[in-house]
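See structure below.
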Amino acid sequence: FYATGYATAQDRLWQMTMIKMAASGRLAEILGRDLVPLDRYLRAVGLARYARQSYQRMAPKEKRILQRFAEGGNACVRSHKLPIEFVLAGFDPEPWKPEDCMIAFAMANYQLAANLREELSFLKVASRIGPTKAALLYPIYPDEPLPIDLASKLSVIDPGRLDRRNSRQLSKTASGLLDIQQSLVSLIEPGRAGDPETVPASNNWALAGSRTKGGKSIVANDTHLGISLPSFWDIMHLKAPGYEAAGVMIPGVPIVGLGFNGHIAWGATMMMADSQDLFLEKLRTKDGRQEYLYKGRWLPVKTRTETIAIKGAAKPENFTIQFTKHGPLLNDA
């Protein structure tokens, strides 16, 4: 895995670095103050924070793989001139750490999940025309009923019950978060074709050996990801005594995610699973502190202070993220 890290850094160092810095909410360190809003959002989402927690729970053998990958990548950086992107940005990458592999993996998962964009888009429309009418407009699969019952959970934002000022503010917040989502796609996947809100899809299929001319099984996989430059995937063939795998990897993650080893093949397809949920919280201020309503009880909002370093700025910017039991309050972003 040392050689894997070396080869990946040789081909994709800028991409690896941008993925890690984006997931960590540190893009302003490279690109300046214009990226502060995106950094605030990504700090609130907390991809890097949760990725580091996952790394700490990994087995020592698994950590060793990531450690060797990091050592190889750092060796490549020490022995080569930096790619032109770093020269133009005036930025020297910091050494790759084993936990950075988990951060890159978290960002890849976040990029492939569509729930948040869908729910923000629905919220934006529902705040204008009401959740029931919005449910009639949103596309569904032919074999599924209209999501009227689910939409009824948002009856509190029906224009007939919500005053015009709050309705507009809700729509504005949803629009702002959607704009941030799109700016993230533009930065992490430059050259990507198509609308970032396009519904993702993919396919895979298998044939048993009894159905093929050569008597061997066949697995075919097409992930249907958008065209981007550089590609979302990195083609790699890993071979060592007792280990072999060939296929595609996420840059920064030393595991062949889709591929074969000479005996078996594996792939992945978009399941359209509901992996992200957006909650509308009811807040109040009591005795100088913020509280939110949860199952009939008012609970204190938890807070976390973040510091964003900004290229060219005399001092960093501090801001506070608020949390409920459902996760971070995205209004802070």
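Just to check your reading of the model, which residue among G262, G226 is more than 23 Å from E99 (Cα to Cα) and within 27 Å of the chain's Cα centre (by Cα)?
G226
Conditions tested, residue by residue: (1) at negative phi; (2) within 23 Å of the chain's Cα centre (by Cα).
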position: T285; (1), (2): yes, no
position: K295; (1), (2): no, no
position: T303; (1), (2): yes, yes
position: K311; (1), (2): yes, no
position: K315; (1), (2): yes, no
position: F323; (1), (2): yes, yes
position: H326; (1), (2): yes, yes
position: L330; (1), (2): yes, yes
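Given the criteria among the hydroxyl-bearing types (S, T, Y), over 30 Å from D234 (Cα atoms), surrounded by fewer than 16 Cβ atoms within 10 Å (Cβ to Cβ) and more than 23 Å from the chain's Cα centre (by Cα), does S152 qualify?
Spelling it out, S152 is indeed among the hydroxyl-bearing types (S, T, Y), over 30 Å from D234 (Cα atoms), surrounded by fewer than 16 Cβ atoms within 10 Å (Cβ to Cβ) and more than 23 Å from the chain's Cα centre (by Cα).
Assess whether V219 counts as being at pLDDT 90 or above and outside any strand (DSSP E or B).
Values: at pLDDT 90 or above: yes; outside any strand (DSSP E or B): no.
For V219, the condition - at pLDDT 90 or above and outside any strand (DSSP E or B) - is not met.
Of everything in the stretch 72-88, what is closer than 17 Å to D100 by Cβ and under 25 Å from the mean Cα position of the chain (by Cα)? Give them in sequence order. Quick ask: steps written out before the conclusion?
Taking the stretch 72-88 first, the residues closer than 17 Å to D100 by Cβ are 72-78, 86.
The answer is G73, N74, F86.
Looking for whichever is more than 24 Å from N331 (Cα to Cα), in the same structural domain as D234 (by TED's automatic domain parsing) and touching a Cys at 6+ places or on another chain (Cβ under 7 Å) here; the options are L66, L82. Which one fits?
Working: L82 fails: touching a Cys at 6+ places or on another chain (Cβ under 7 Å).
Checking each option against the conditions leaves just L66.
Give the residue that is modelled with the lowest pLDDT, with candidates limited to residues of the stretch 222-246 that are surrounded by 13 or more Cβ atoms within 10 Å (Cβ to Cβ), part of a loop (DSSP other than H, G, I, E, B) and small (G, A, S).
The residue in question is G226.
Return the only residue of R43, R33 being surrounded by fewer than 18 Cβ atoms within 10 Å (Cβ to Cβ), in contact with a strand residue (DSSP E or B) (Cβ under 9 Å, 6 or more places away or on another chain) and among the charged types (D, E, K, R).
Going through R43, R33 in turn, the sole match is R33.
Whether any residue in the stretch 247-261 is in contact with a Phe, Trp or Tyr (Cβ under 9 Å, 6 or more places away or on another chain), surrounded by 15 or more Cβ atoms within 10 Å (Cβ to Cβ) and polar (S, T, N, Q) is what I want to check. Let's see the steps before the verdict.
Just the residues of the stretch 247-261 that are in contact with a Phe, Trp or Tyr (Cβ under 9 Å, 6 or more places away or on another chain), to begin with: 247-261.
If we keep only those that are surrounded by 15 or more Cβ atoms within 10 Å (Cβ to Cβ) as well, we get 247-261.
Narrowing further to those that are polar (S, T, N, Q): 261.
The answer is yes, given that some residue of the stretch 247-261 is in contact with a Phe, Trp or Tyr (Cβ under 9 Å, 6 or more places away or on another chain), surrounded by 15 or more Cβ atoms within 10 Å (Cβ to Cβ) and polar (S, T, N, Q).
Would you point out which residue out of L170, L116, L123, L82 is at pLDDT 80 or above, surrounded by fewer than 19 Cβ atoms within 10 Å (Cβ to Cβ) and assigned to a helix (DSSP H, G or I)?
L116
Taking into account only those residues within the stretch 47-89 that are free of Cβ contacts under 8 Å to residues at least 60 places away in the same chain and among the small types (G, A, S), which is nearest to L35 (Cα to Cα)?
So, considering only residues that are free of Cβ contacts under 8 Å to residues at least 60 places away in the same chain and among the small types (G, A, S), the one nearest to L35 (Cα to Cα) is A89.
Residue by residue through the stretch 131-150, note down the ones that are in a helix (DSSP H, G or I) and modelled with pLDDT under 80. Write out each step before concluding.
In the first step, residues of the stretch 131-150 are kept if they are in a helix (DSSP H, G or I); the result is 131-137, 148-150.
I148, D149, L150 - these are the residues of the stretch 131-150 that are in a helix (DSSP H, G or I) and modelled with pLDDT under 80.
Determine which member of the set M21, M16, M107 is without any contact (Cβ under 8 Å) to a residue 12 or more places away in the chain, crowded, with 16+ Cβ neighbours inside 10 Å and not basic (K, R).
Only one candidate passes the filter, namely M21.
So which helices (runs of 4 or more DSSP H) are wholly in the stretch 1-74 and hold at least 3 residues that are touching a Pro at 6+ places or on another chain (Cβ under 7 Å)?
In the stretch 1-74, 2-23 are the helices (runs of 4 or more DSSP H) which contain 3 or more residues that are touching a Pro at 6+ places or on another chain (Cβ under 7 Å).
The values are calculated or read from the model by the stated rules, or taken from the named source; none is laboratory data. Note that the structure is a prediction, hence the values are computed from the model and not measured. Because the Cβ atoms are built from the backbone with ideal geometry, glycine has one as well, and the counts that use them run over all protein chains shown.
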